[in-house]
1. Identify the residues of segment 70-106 with backbone N under 11 Å of a label point that sits 7 angstrom from the Cα of Val35 along the Cα-to-Cβ direction, or state none.
2. In nm, give the distance between the simple-model label positions of Leu105 and Glu64, each being 7 Å from the Cα along the Cα-to-Cβ direction.
3. Once the mean 1/r over all distinct Cα pairs of segment 9-122 is inverted, what Kirkwood radius in angstroms do you read off?
4. Show me 106-113, 56-63 ranked by packing, highest mean number of other Cβ atoms within 10 Å first.
5. Please give every one of the aspartates and glutamates within straight-line cross-link reach of Lys36, meaning a C-alpha to C-alpha distance under 14 Å, and leave out same-chain neighbours fewer than 8 residues apart.
6. Between Ala28 and Gln117, what length in nm is gained on full extension when 0.36 nm per residue of separation is reduced by their alpha carbon distance?
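Laboratory data are not the source of any read-out in this text; all were calculated from the coordinates shown. Since the model is a prediction, treat every value here as computed from it, not as a measurement. Every residue, glycine among them, receives a Cβ derived from its backbone with ideal geometry; neighbour counts consider all protein chains shown.
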Amino acid sequence: MHQLTLPTSQAIIALMDNFLNDRLDIAAQSNMIAVKLSAMANSNRLKILCALASGPLSVAEIQENVNLSQSAVSQHLSKMKKSGVVMCKKDAQNRFYYIEDNRILKLMLHIDDIFKQVETEAF
């Protein structure tokens, strides 16, 4: 006859801790992703990010690329910087913004392809 071995209370507690930690990790990751997507969910911000997909740009260069005022570009960059979507490095006179996260960069390259496809289909 087989004897049924029940897990110890410590083993059950460890399993519950792992389960709860996994659930918390999923919740934390979901919140982090939602914050980043929210910061990106604007047509002007998407244009800025597509411009940054080619590499670091100054505010003036971004302004030229997306045809927005300096203050509008700065506001959009500030929101995206707070959420970690873009990073900033300073030199003597300028601030250069860039996308550091390769996952966001890949996403922007896909979105840029979609923009280009929509433009060609419009003609």
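1. Output list for this probe position: 82-85.
2. 2.2
3. Its Kirkwood hydrodynamic radius stands at 16.0 Å.
4. In decreasing order of mean packing, 106-113, 56-63 become 56-63, 106-113.
5. Glu100, Asp101
6. Gain in length upon complete extension: 28.6 nm.
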